Every structure is written in structure tokens, then in C-alpha cells.
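Have a look at the structure below, then the notes.
Bear in mind these aren't lab numbers, they're just calculated from the coordinates by the rules spelled out. Just so it is clear, the structure is predicted and the values come from calculations on it, not from any experiment. Counting neighbours? That spans all protein chains shown, and the Cβs are built from the backbone with ideal geometry, glycine included.
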Amino acid sequence: MMKMRVLVHLIRPDLRENQSLLARTNLDRSLQDQNQSLLAWTNLDRSLQAQTSLDQNQSLLARTNLDRSLQAQTSLDQNQSLLARTNLDRSLWAQTNLDRSLLAQTNLDRSLLAQTNLDRSLLAQTSPDRPDEPGPVSAGQGAQQPLATTQHAPVDLDSAGSPEDLEVLGLGRLKEALQARGLKCGGTLKERAARLYTARGLGPEELGALQLAKPRRRK
């Protein structure tokens, strides 16, 4: 028994040392595991930070590209709008020039028409309108020989819209038309045209005494 007790006393210090060494080993392993876990968390944080930075960079790049695209679209729209306004201004300018040309042509036509009417009026006023005078009597002729006159077609008064339309006939034709209706045939061009236009569609009994020609007295 004594030997057993002595042996137990001898073994117990070694056992305690082994238990202490084992505890220290377990503690070291636990610290290593904690360090590995901490390292893993650190790597995870770094990975998350890197991913976040990458996402931010990609988002910033996308926004930059979008801004550039919007700027390019805006510039294109402004250029197209400016081009459309330029084309519209050119079209309006061309239309204005065309209107001016047409206005100038209209004024020229009016001027030519006025000049033509003036020439006709002057020609009508300067045309001789004298009663037929007897020609010279030659030897052997005891009587007057009438002059040959040109026969014209009757004047259609229904087609005239105003006395001015009859003025183009001239003094001679107006005189013939008035004489054919038994009206006075003297006066200026305008007076004859107005007198003839007044007699349109009227008979001798419907005309005033001032319009009718006086009967010639027989000698």
C-alpha cells in the first residue's frame, strides 16, 4: 500500500503538468481559431468594400455616360431645330420675293393698261369728227357727189357692262350707232358713250327729248 501511495504521489505532478500543457494547447488553438475567424471577417470586409467601390464606380460611369448621351441628344435637337428655322426663314424669304415680283408685275400690268386706255382716249379725242363736206365740183358736174362711207356691224349694247366699255369703239362708231337710233351724235367720247349706253333697251318714246336728234329742215 505504501508503495502504491508513493507511486501515486510520483505520477500526480506529471499528470498535472500534462493537464496544464493540454490546457495551454487548447487555449492556443482557441486563439488561433479566433485569429482565423478575425482574418476571415477582415477579408470579408475588404471584399465588401471592394465590391461597394466597384459598384459605385460603375454607377458613376453609367451616370457619366447617360449625361453625355443626354448632352449629345440635346445638341442634336438644337441643331435640327436651328436647321428647321433656317429652312423656314429661307422659304419665307423666297415667298416674300415671289410676292414682291408678282406685285411688281401687277403694277406693271396696271401701268400698261392705264397707258393703253390713255392712248385710246387721246386717239379718240384727236380723230376728226366733222360732218361730211362736199368735195370739189369738177367741170361738167352740176351736183354734189356723196362720199363713200364704210358700213360697220351694229353695236351690241347688251354686251356692254358700262359706258367705258363703249368708249373703245371711238367717236366715229359711236356717232354711227347714235344716228342709227335717232339720237344726238355730238359731244365728247365720254358723252357719246354715256348717251348710247343710256339708250340700251329703250325705245324712242322712252327717251327724253334732250336725247333725240332734232329733225332736219328741208330747204
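Here are some notes:
- Within segment 160-180, the set of residues being more than 21 Å from residue 119 (Cβ to Cβ) and in contact with a helix residue (DSSP H, G or I) (Cβ under 8 Å, 6 or more places away or on another chain) comprises 177, 178.
- For segment 63-108, a residue qualifies if it is over 21 Å from the mean Cα position of the chain (by Cα) and among the aliphatic types (A, V, I, L, M), and the qualifying residues are 66, 70, 72, 76, 108.
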